[in-house]
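One structure is given below, encoded as structure tokens.
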Amino acid sequence: MLLLTRKLGENIRIGDDVKITIVEVKGNHVKLGIDAPPSVKVHREEIYERIQAENRRAREAEAQNGDAAGGTPKTNDGETNGAK
């Protein structure tokens, strides 16, 4: 882990596209400003963990539904068997 010391108004750069600015310091709280392109997802850790957990649940449900559903076989022309 890289540890950096920054003062109010100073920045940290991550790659060419992400800039983090120290916006406010009050007691033991620090407010950060993050400037990043829309393609870079930025989340607080607790939100990121919730997203990851939800994604895992969705994958598991999809796997269970896919295995259980089986589906109706289709013919080469896209019609379901027996349906004309």
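Bear in mind these aren't lab numbers, they're just calculated from the coordinates by the rules spelled out. The model shown is predicted, which means the values in this text are computed figures rather than measured ones.
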When the Karplus curve 6.51 cos²θ - 1.76 cosθ + 1.60 is applied with θ = phi - 60°, which whole-Hz ³J(HN,Hα) does each residue of the stretch 58-64 get, with x for Gly and Pro?
5, 5, 5, 5, 5, 5, 5
Over the alpha carbons of the stretch 1-70, what is the largest minus smallest coordinate on each principal axis, giving the biggest first in Å?
59, 29, 22
